[in-house]
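The values are calculated or read from the model by the stated rules, or taken from the named source; none is laboratory data. Predicted model, so just to flag it, every value in this text is computed and none were measured. Here the Cβ positions follow ideal geometry from the backbone for every residue, glycine too, while neighbour counts run over all protein chains shown. What goes into the accessible areas is simple: the full protein's heavy atoms, side chains included, and nothing from ligands, DNA or RNA. Shrake-Rupley method; radii C 1.70, N 1.55, O 1.52, S 1.80 Å.
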Amino acid sequence: TLQSLKSFLGDTTSDNDETLDELRHAAIKKVEHDCQIKIITQVVTFYFDWWPPDGRFCKLHLYPISAINSVRYSDTDGSRTIVPGAVYNTDVIEAPARIWLAEGQTWPIQDSVKPNEIEVAAQVGWATRGAVPPEVKLAVKMAAAQMDPTMGQCSCTSDEYASVISSIQWTGLVLSRD
């Protein structure tokens, strides 16, 4: 929140609130990029060129993912068609989340491989502010402090920020970027 950032920076006035709020939003985007996460709940669409082969996973490299909303593909006439949920399994607990072909099912036939022919829409981000891990909140504050060091009394170095980013873990797993 703006108040938490102001407290972190030692800002006791409302003179800089507009600028600090803009810095906070920019810092959220920076941390999301640096960690491959989404902090605020939203729907994100992942694009793939082809279906994963049988027995293989389609990995969704973003965290946290709470649900797979839909899987769609371009059919022969070019329109987007929803794949029934019974055709695939999902795992949103692991990082990265993944989908794979359900037993006894087949993926829809692709006439040819075209860029972005398959869309996976997923619900990402933490549901509440309270659910956001403390390390992520700290990283946002540190990123904001680095963006404009003239704001407040906090001096955070790039090394300190990198250390916090590298320490962000979920359920015992460090989010990999493979």
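Of note:
- When peptides 90-101, 19-30 are sorted by average Cβ neighbour count within 10 Å, with the highest value leading, the order is 90-101, 19-30.
- Virtual spin-label span in nm between Thr45 and Met147, 7 Å along Cα→Cβ: 2.7
- Comparing mean-square fluctuations of Ile168, Ile82, Ile37 from a GNM of the chain with C-alpha springs under 10 Å, the top value falls on Ile82.
- All lysines inside 21 Å of Lys6 as judged from Cα atoms, apart from same-chain residues fewer than 8 positions distant: Lys29, Lys30, Lys137, Lys141
- Computed from the alpha carbon positions, the gyration tensor of region 5-48 leads to an equivalent ellipsoid with semi-axes of 29, 10, 8 Å, biggest first.
- Where labels lie 7 Å past Cα in the beta-carbon direction, separation of Gln110 and Ser163 in nm: 4.5
- Exposure of Tyr47 as accessible area (Å², to 10), given a probe of 1.4 Å and all protein chains: 120
- Percent accessible area from carbon and sulfur atoms, the chain, protein chains only, probe 1.4 Å: 51
- More than 22 Å apart - percent of Cα-Cα pairs taken over the chain: 53
- Total formal charge among the other residues, if their Cβ is under 11 angstrom from that of Ala27, Lys/Arg +1 and Asp/Glu -1: 0
- Taken one residue at a time, the phi angles of region 4-15 give Karplus couplings (6.51, -1.76, 1.60, θ = phi - 60°) of 5, 5, 4, 5, 4, 8, x, 8, 10, 10, 9, 4 Hz. Gly and Pro are set to x.
- Estimated [θ] at 222 nm from DSSP helical runs (n ≥ 4, -39500 (n - 2.57)) normalised by residues in the chain, nearest 500: -9000 deg cm²/dmol
- Based on the convex hull around the alpha carbon atoms, region 96-142 presents an average projected area of 6.2 nm².
- Rolled with a 1.4 Å probe across the full set of protein chains, the surface gives Phe48 an accessible area near 40 Å².
- Mean accessible surface per residue for the chain, computed with a 1.4 Å probe while every protein chain stays in place, in Å²: 56
- Our estimate of slack between Ala26 and Thr12, defined as 0.36 nm per intervening residue step minus the Cα-Cα distance, is 2.9 nm.
- Phi to ³J(HN,Hα) by Karplus 6.51 cos²θ - 1.76 cosθ + 1.60 over region 30-43, Hz, x for Gly, Pro: 5, 5, 4, 5, 5, 9, 6, 10, 10, 7, 8, 4, 6, 9
- Distance from the Cα centroid of region 1-61 to that of region 124-149 is 8 Å (rounded to whole angstrom).
- Net charge over other residues, Cβ less than 13 angstrom from the Cβ of Asp17 (K, R count +1; D, E count -1): -3
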